[in-house]
Amino acid sequence: MPHCDEFSDEIQGKSVEMVSFLASNLEKVSVDYKAWKTQYKCRICGQFWEEAFIQGGHGEYPVVRKITP
C-alpha cells in the first residue's frame with residue numbers, strides 16, 4: 001500500500017477524491033469556503049494535506065499538496 005512519503009509534495013489537476021489512497025486515508029480537518037481550501041490529515045502517518053482550487057485558463061483546477069500544520 002502506498003504511503004504519504006511515496007507521493008510528491010504536490011499533485012496538480014486532481015482532487016483528493018481522484019487519488020484513491022488519499023481519499024480512503026485522509027480525514028477532513030477544516031474547510032475555508034472563502035478561499036476554496038480544505039485541510040486533511042492522514043489517518044496512518046499524521047501527514048497534513050491541503051486541497052485548493054487554483055485559477056487557471058477558463059476556470060479553476062484542483063491542487064493537492066502536503067503542508068505542515
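Looking at 27, 6, which is the one that is among the charged types (D, E, K, R) and touching a Lys or Arg at 6+ places or on another chain (Cβ under 6 Å)?
27
I'd like to check something: does segment 33-43 contain any residue that is touching a helix residue (DSSP H, G or I) at 6+ places or on another chain (Cβ under 9 Å) and over 15 Å from residue 65 (Cα atoms)?
Checked against the condition, which is being touching a helix residue (DSSP H, G or I) at 6+ places or on another chain (Cβ under 9 Å) and over 15 Å from residue 65 (Cα atoms), segment 33-43 yields at least one hit.
Within segment 1-16, track down each residue that is over 19 Å from residue 59 (Cα atoms) and either of a type outside the set (S, T, N, Q) or at pLDDT 95 or above (or both).
The answer is 1, 2, 3, 4, 5, 6, 7, 9, 10.
Would you please list the contacts, defined by Cβ atoms under 6 Å and residues six or more apart or on different chains, that run from a residue in segment 26-37 that is surrounded by 10 or more Cβ atoms within 10 Å (Cβ to Cβ) and of a type in the set (S, T, N, Q) to a residue that is modelled with pLDDT of 95 or more and not in a loop (DSSP other than H, G, I, E, B)?
Cβ pairs passing all conditions: 30/39.
Give segment 3-20 a look and list any residue that's in a helix (DSSP H, G or I) and either over 18 Å from residue 67 (Cβ atoms) or without any contact (Cβ under 8 Å) to a residue 24 or more places away in the chain (or both), or say none.
6, 17, 18, 20
How many residues are more than 15 Å from residue 9 (Cα to Cα), assigned to a strand (DSSP E or B) and touching an Asp or Glu at 6+ places or on another chain (Cβ under 7 Å) if we restrict to segment 21-69?
4
Filter segment 38-69 down to the residues that are free of Cβ contacts under 8 Å to residues at least 12 places away in the same chain and over 18 Å from residue 6 (Cβ atoms), then identify the one that is nearest to the chain's Cα centre (by Cα).
54
Each row is one residue, and each column tells you yes or no for (1) in contact with a strand residue (DSSP E or B) (Cβ under 9 Å, 6 or more places away or on another chain); (2) among the acidic types (Asp, Glu).
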{"site": "6", "(1), (2)": "no, yes"}
{"site": "10", "(1), (2)": "yes, yes"}
{"site": "14", "(1), (2)": "yes, no"}
{"site": "31", "(1), (2)": "yes, no"}
{"site": "55", "(1), (2)": "yes, no"}
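The values are calculated or read from the model by the stated rules, or taken from the named source; none is laboratory data. In this text the structure is predicted, and so the values were computed from the model without any measurement. Note that each Cβ is placed from the backbone with ideal geometry, even for glycine, and that neighbours are counted across all protein chains shown.
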